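The structure under discussion appears below in the form of structure tokens.
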Amino acid sequence: MTHYELLVIGGGPAGMVAALSGRQSGLSKVLLVERAETLGGILNQCVHTGFGLIYFGEELTGRQYSERFRHKMDRADIDVMTDTAAISLLPDGVAALSGGKIGLIEVQAKAVILAAGCRERPIGALPVVGTRPSGIFTAGMAQKMVNLGGYDIGNTFVVLGSGDVGMIMARQLRQLGKNVLAVIEKDDACGGQERNRINCLEKYHIPLKTRHTISAVHGEGRITGVTVTNLAAGGETFMACDTLITSVGLIPEQELSEEASVNGPLPDWLFLCGNACYVHDLVDDVTIEAEQVGRAAADFVQSGRPSSKAAFQPGPARAASGQTICVACPKACVITKTESGWAGAVCGRKDPLPSQL
């Protein structure tokens with residue numbers, strides 16, 4: 001069995017930054033494992049901009065953002081295992097790792113950081129009747145197929161759920177010349193960031209139908225349409241489409257922490273960060289949090305004493321109706337008009353993009 005001071009599970013931005021932070025805090029034996037073939041996590045399939053204005057002070061695509069930390073990982077003295085999954089984490093800190101190159105091995109670490117991100121809730125988790133034909137994708141899978149695989153996944157789309165990735169995909173599909181009929185949302189307000197509602201739906205004239213849901217899927221072989229139910233006024237409408245994209249929630253990947261804690265409190269040596277802890281709005285917030293968690297894990301290894309966890313607090317609450325926000329980045333700062341221009345953007349830029357709520 002190989003022994004490490006710190007094991008980081010997950011090679012997205014949270015995992016990379018946590019590993020780098022632990023190494024910079026004085027740990028000499030750090031291992032990062034990632035089940036994909038490359039580091040970067042979900043950001044590798046994010047070709048849109050909006051990342052990095054808070055942390056780097058400039059607007060980047062998701063790929064560019066993750067590439068900056070991949071370069072740092074290349075120069076750091078950190079062991080990295082890609083194409084490797086952590087399949088078990090025991091209460092004594094022993095992790096079972098499995099991969100095509102390593103087979104099945106066990107490692108033990110004095111501290112473990114779980115940064116495995118989150119998974120999408122599929123349509124099978126919803127009370128939707130009908131068939132299960134082809135042409136139904138989660139928003140993240142659609143993004144991966146289009147941006148990484150280059151696939152043409154359909155022509156006429158309906159999006160169920162107004163999560164951020166769903167709205168971003170609706171915009172991208174419209175930019176590709178596809179017909180996006182509507183984004184369907186069961187609640188009375190958009191479920192994602194206001195910035196994305198404005199930049200992805202409003203600016204591209206994609207209808208957002210709140211207080212609606214999809215109650216049935218139709219089609220044999222390939223989806224041919226959906227039944228849309230009006231939850232406020234009642235009644236149903238058939239909407240013909242050949243592709244349905246779902247954006248109905250994210251679930252943090254915490255199964256390994258449940259195994260390690262035997263359904264009790266987290267052991268002192270186990271830390272969660274990023275979307276494995278809770279779903280964050282901004283990757284910049286994930287990065288700041290991961291730096292703190294990496295330092296806390298290093299302090300635990302070096303001192304042997306429990307360290308404070310999850311002290312990071314994300315940015316300000318959402319703006320209220322009637323306020324003006326900046327939509328230049330996902331932070332969506334509340335800004336006010338002054339004699340010298342707009343003020344209030346936390347990034348300090350003098351030319352924010354205002355939008356009235």
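The values are calculated or read from the model by the stated rules, or taken from the named source; none is laboratory data. Note that the structure is a prediction, hence the values are computed from the model and not measured. All Cβ positions, even for glycine, are placed from backbone atoms using ideal geometry, and neighbour counts span all protein chains on display. Heavy atoms of the whole protein, side chains included, go into the accessibility calculation; ligands, DNA and RNA do not. Shrake-Rupley method; radii C 1.70, N 1.55, O 1.52, S 1.80 Å.
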- [ ] Out of the residues in the stretch 214-240 that are within 14 Å of LEU181 (Cα to Cα) and not aliphatic (A, V, I, L, M), state the one that is most open to solvent (accessible area, probe 1.4 Å).
- [x] PHE238
Open item on the list: Kindly evaluate VAL112 against the criterion of being among the β-branched types (Val, Ile, Thr), under 22 Å from the mean Cα position of the chain (by Cα) and in a strand (DSSP E or B).
Closed with: yes
- [ ] State whether one or more residues within the stretch 255-277 are open to solvent by 70 Å² or more (accessible area, probe 1.4 Å) and among the aliphatic types (A, V, I, L, M).
- [x] yes
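Taking the stretch 248-259, which residues are out of contact with any Ser or Thr (no Cβ under 7 Å at 6 or more places or on another chain) and either of a type outside the set (S, T, N, Q) or closer than 30 Å to HIS218 by Cα (or both)?
As a first pass, look at the stretch 248-259 and keep what is out of contact with any Ser or Thr (no Cβ under 7 Å at 6 or more places or on another chain): 248-258.
Within the stretch 248-259, VAL248, GLY249, LEU250, ILE251, PRO252, GLU253, GLU255, LEU256, GLU258 meet the criteria.
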- [ ] Considering (1) outside any loop (DSSP other than H, G, I, E, B); (2) of a type outside the set (Lys, Arg); (3) within 27 Å of GLY140 (Cα to Cα), say which one GLN292 fails and leave the rest.
- [x] (3)
- [ ] Could you grab me the full set of residues in the stretch 161-182 that are assigned to a loop (DSSP other than H, G, I, E, B) and without any contact (Cβ under 8 Å) to a residue 40 or more places away in the chain?
- [x] LEU176, GLY177, LYS178
Open item on the list: For the stretch 2-22, check the following and say yes or no: at least one residue is among the charged types (D, E, K, R), surrounded by 17 or more Cβ atoms within 10 Å (Cβ to Cβ), modelled with pLDDT of 95 or more and assigned to a strand (DSSP E or B).
Closed with: yes
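When you look at VAL94, is it within 24 Å of GLN143 (Cβ to Cβ), among the aliphatic types (A, V, I, L, M) and surrounded by fewer than 18 Cβ atoms within 10 Å (Cβ to Cβ), yes or no?
Working: within 24 Å of GLN143 (Cβ to Cβ): no; among the aliphatic types (A, V, I, L, M): yes; surrounded by fewer than 18 Cβ atoms within 10 Å (Cβ to Cβ): yes.
So VAL94 does not fit the description; no.
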Open item on the list: Taking the condition of being surrounded by fewer than 17 Cβ atoms within 10 Å (Cβ to Cβ) and of a type in the set (A, V, I, L, M, F, W, C), how many residues in the stretch 127-139 meet it?
Closed with: 1
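Sort out for me the strands (runs of 3 or more DSSP E) sitting completely within the stretch 183-269 that have 2 or more residues that are modelled with pLDDT of 95 or more. Please lay out each step first, then the result.
On the way: elements: 208-210, 212-218, 225-230, 236-240, 243-246, 250-252.
Ranges flagged: 208-210, 212-218, 225-230, 236-240, 243-246.
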Open item on the list: If THR243 meets every condition in (1) open to solvent by 40 Å² or more (accessible area, probe 1.4 Å); (2) in contact with a Phe, Trp or Tyr (Cβ under 6 Å, 6 or more places away or on another chain) apart from one, which number is that one?
Closed with: (1)
TODO: Would you check which residues across the stretch 105-126 are open to solvent by 40 Å² or more (accessible area, probe 1.4 Å), modelled with pLDDT of 95 or more and of a type in the set (A, V, I, L, M) and list them?
DONE: ILE105
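Based on what the data block shows, is GLU202 buried (at least 19 other Cβ atoms within 10 Å of the Cβ) and acidic (Asp, Glu)? Show your work before the answer.
Working: buried (at least 19 other Cβ atoms within 10 Å of the Cβ): no; acidic (Asp, Glu): yes.
No; evaluated as a whole, the condition is false for this residue.
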TODO: Within the stretch 44-67, track down each residue that is over 21 Å from MET141 (Cβ atoms) and surrounded by fewer than 17 Cβ atoms within 10 Å (Cβ to Cβ).
DONE: THR49, PHE56, GLY57, GLU58, GLU59, GLU67
TODO: Determine if the stretch 33-55 includes at least one residue that is out of contact with any Ser or Thr (no Cβ under 7 Å at 6 or more places or on another chain) and in a strand (DSSP E or B).
DONE: yes
Task: Complete set of residues in the stretch 72-94 that are in contact with a helix residue (DSSP H, G or I) (Cβ under 8 Å, 6 or more places away or on another chain), part of a strand (DSSP E or B) and not hydroxyl-bearing (Ser, Thr, Tyr) - done: VAL80, ALA86, LEU89
Task: Near pairs, Cβ below 9 angstrom, 6+ apart or cross-chain, from the stretch 258-279 (more than 30 Å from GLY191 (Cβ to Cβ)) to any residue that is buried (at least 18 other Cβ atoms within 10 Å of the Cβ) and aromatic (Phe, Trp, Tyr) - done: ALA260/TRP269; ASP268/PHE300; TRP269/PHE300
Task: Unmet criterion (only one of (1) at pLDDT below 90; (2) open to solvent by less than 30 Å² (accessible area, probe 1.4 Å); (3) in a loop (DSSP other than H, G, I, E, B)) for ILE325 - done: (3)
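Test ASP152 against the criterion of being open to solvent by 40 Å² or more (accessible area, probe 1.4 Å) and in contact (Cβ under 8 Å) with a residue 12 or more places away in the chain, and give yes or no. First the steps, then the outcome.
Working: open to solvent by 40 Å² or more (accessible area, probe 1.4 Å): yes; in contact (Cβ under 8 Å) with a residue 12 or more places away in the chain: no.
Taking the combined requirement at face value, the residue does not satisfy it.
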